[in-house]
Protein chains: 2
Amino acid sequence: MPELRKDPVTDRWVIVSTDRARRPGDFVRNPVPAAPSGRLCPFCPGQETRTPPEVLAYRNGSQQNQPGWSLRVVPNKFPVLGIEGDLDREGEGLFDKMQGIGAHEVVIETPDHLLSMTDLSERAIEQVIWSFRDRVLDLKNDGRLRYVLLFKNHGEAAGATLEHTHSQLIALPVVPKRVQEEMEVAGRYFDFKERCVFCDLVRQEMKDGARIVIETDLFVVLEPYAPRFPFETWIVPRRHHSHFETIDGQQAQNLAWVLKSTLRKIEKVLERPPYSLLVHTAPLQESPKPFYHWHMEIIPKLTRVAGFEWGTGFYINPTPPEESAKFLREAGLG
Amino acid sequence: MPELRKDPVTDRWVIVSTDRARRPGDFVRNPVPAAPSGRLCPFCPGQETRTPPEVLAYRNGSQQNQPGWSLRVVPNKFPVLGIEGDLDREGEGLFDKMQGIGAHEVVIETPDHLLSMTDLSERAIEQVIWSFRDRVLDLKNDGRLRYVLLFKNHGEAAGATLEHTHSQLIALPVVPKRVQEEMEVAGRYFDFKERCVFCDLVRQEMKDGARIVIETDLFVVLEPYAPRFPFETWIVPRRHHSHFETIDGQQAQNLAWVLKSTLRKIEKVLERPPYSLLVHTAPLQESPKPFYHWHMEIIPKLTRVAGFEWGTGFYINPTPPEESAKFLREAGLG
């Protein structure tokens, strides 16, 4: 008998099939090539003039917009939002609109075109984490911006258009729907219990163990109880902080290891699937929240999501999280 | 400059690109074959024993589960929910779950394997609409069920696994997230204005005209102001009713014409794209609502939706609805 499960963070019910559970080999494979083509690309060293001028780079004495960097952040050449202008909020009868003000940036994670994120050293992944924090802290100074989405699409099927490994950020003058939902439900939970739902979740999952993938002193990697997608995976810090940008040195170093291990497990079990990686954090301009808790979500692209799911917000997941957690735990590399 | 627009029915902000708007020819084509293979399938006449026994059929005197039908509704052979048993709601610490009780049925829209929905006569499409109503009225008698999702996935890329034209219904013991959101936001609007937001929307859109595709005495077809996807199209009845199953003979007849015309326009402009069609209606066991208004949503599958959109609930739409409405209006066939 399938089970209906409710996610405590979004109040969303999901059907989890338990009868004919789909195992890793049952999904249509769409593997991301292990060795990129190596073609010279605008993200490669020596091609710096082919991107807009950098807004951040980690380099060893070399000049801006020249080779010699280990990580580089540049505005997206085809941004979905523009940074110049006023919001000009206005109504049109029933409707509300504003100018598409915001930032859209690309984090070029390494100069080496041939590496994917899981090939990077832990030190290099830690740099990516620092670049996320540095950009968020900078964008926070712009009072028009209310949210920064940090994300990575890996593989063409997950929406990556350039193969040179990179992450992205989109800074928005609004809070995205899914984050707002989490804030609302977590806020109601806090009103009721005076505890953070994510802190409770981490405690319960660690006691139970069935959905745990990796556990360190600072982070827990788990398959959520009511996942929308097979092998949906969350990385949750054990210490309560609502804002990602409060991350400290010890956490960043540990997160680099945890993230690399998690992605390597996913790549091993699912044979290099396309995936998206997202950071959920509290809105940029708000004070620390006792009820919200930043975390990362990894969504491998394994199933076709049709208009049905978009149109209803209703998900049917063929793989119970207890099974995906077991596959990932047993994959080693942890 | 791109625009940020808020959908008045879900309070969701969407980025609508206006600079480099994508036109019909700019999307990757994934056309649904115009002529199906014709291979004998379990939905064809003579194959009735290959499906579970029918729960409804429109036939001319012939026997149950025998040929001679013009439309047939059967339980899905691989249902995502089971109809037998108790809900057994229970908690597991933080978590909530219940048995996967519900119905999953298939509406075989015509005996003719070679026809797609737009090839059907208006009379045959009207039959599909009646079958939707008849099944909803029957399932309403089961007090465990709180919602019936009526939908159609057309084309493999939209999730259809059998080519013989069919729709589906899933009856659930919970209300899906997206419908709950619409109910909440529309409810708040009603508290504030004492008017239905959909009725206001229809009035405003008809006055404006820019996003209208088809207008009859009983229905309006429009591109919503803040669509998540290019060529997202809604069919809204002009008369206020919260529940789809209140549809009357005049409306069903007109809807058959409107639906066929709309789908033919979409097929012409976008070259037979895969699409999903959904009915949004008020929860099954609830009384008529002055603030909610049933409608249909059509979502052509034109773009790749990555984990990013799922993970954030944030959508970037490259085609302004004013442009898609114009393409559809000018396609004729209305």
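Bear in mind that the values in this text are calculations on the coordinates, not laboratory data. Nothing here was measured: the structure is a model prediction, and the numbers come from that model. Methodologically, a virtual Cβ is constructed for each residue, glycine included, from the backbone with ideal geometry; neighbour enumeration extends over all protein chains shown.
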- Going through the range B:248-312, which GluC sites (Glu not before Pro) have at most 16 other Cβ atoms within 10 Å and a DSSP loop state? B:E271, B:E286
- Filter the GluC sites (Glu not before Pro) in the range A:176-222 to those in DSSP coil with at most 12 other Cβ atoms within 10 Å of their Cβ, and list the result. A:E194
- Task: Just tell me how shielded A:311-320 is by partners: mean number of partner chain Cβ atoms within 10 Å of each residue's Cβ, no decimals.
- Result: 6
- So which trypsin sites (Lys or Arg not before Pro) in the range B:56-155 are both in a DSSP loop and have at most 14 other Cβ atoms within 10 Å of their Cβ? B:K77, B:R89
- One decimal, nm, shortest first: give the distances between the label point of B:D112 and those of the same position in the other copies, each label point 7 Å from Cα along Cα→Cβ. 6.2
- What is the average number of partner chain Cβ atoms found within 10 Å of a Cβ in B:141-153? 1
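Taking each residue in A:83-92, count the Cβ atoms of any other chain within 10 Å of its Cβ, then average. What number comes out? Mind showing how you got there, number by number?
Numbers: counts 0, 1, 1, 0, 1, 2, 2, 0, 1, 4.
Average per residue, whole number: 1.
Quick one: grab the alpha carbon gyration tensor of the range B:75-231, order the square roots of its eigenvalues as a ≥ b ≥ c, and give me rounded if a/c is under 1.5, else prolate or oblate depending on whether a/b is larger than b/c.
oblate
Taking 2.2 N^0.38 Å as the expected size of a compact globular protein, what ratio does the Cα radius of gyration of the range B:3-330 give against it, to two decimals? Mind dumping the intermediate values first?
Working: Rg = 19.9 Å, N = 328, 2.2 N^0.38 = 19.9 Å.
Cα Rg divided by the expected 2.2 N^0.38 Å: 1.00.
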- Item | All-pairs alpha carbon distance profile, the range B:1-151, 10 Å steps from 0, percent | 8, 25, 25, 22, 16, 3, 0
- Shortest-first nm distances, B:A34 label point to equivalent points in other copies (7 Å, Cα→Cβ): 4.5
- Task: Measure up B:K177/B:K289; A:K268/A:K326; A:K152/A:K301; A:K77/A:K140; A:K177/B:K289; B:K265/B:K326 against 20 Å on the Cα-Cα distance and list the ones that go over.
- Result: A:K77/A:K140; A:K177/B:K289
- With R₀ set to 51 angstrom, the calculated FRET efficiency between the beta-carbons of B:L114 and A:L87, to the nearest 0.05, is 0.40
- Kirkwood estimate for the protein assembly as shown, i.e. one over the average of 1/r between Cα atoms, Å: 26.2 Å
- Query: What gaps in nm, shortest first, separate A:E184 from its twins in the other copies when you place the label 7 Å past Cα toward the beta carbon?
  - Reply: 0.2
- Query: Ranked by Cβ crowding within 10 angstrom, fewest neighbours first, how are B:L328, B:L259, B:L120 ordered?
  - Reply: B:L120, B:L259, B:L328
- Query: Hey, fewest Cβ within 10 Å first, where do B:D217, A:D11 land in order?
  - Reply: B:D217, A:D11
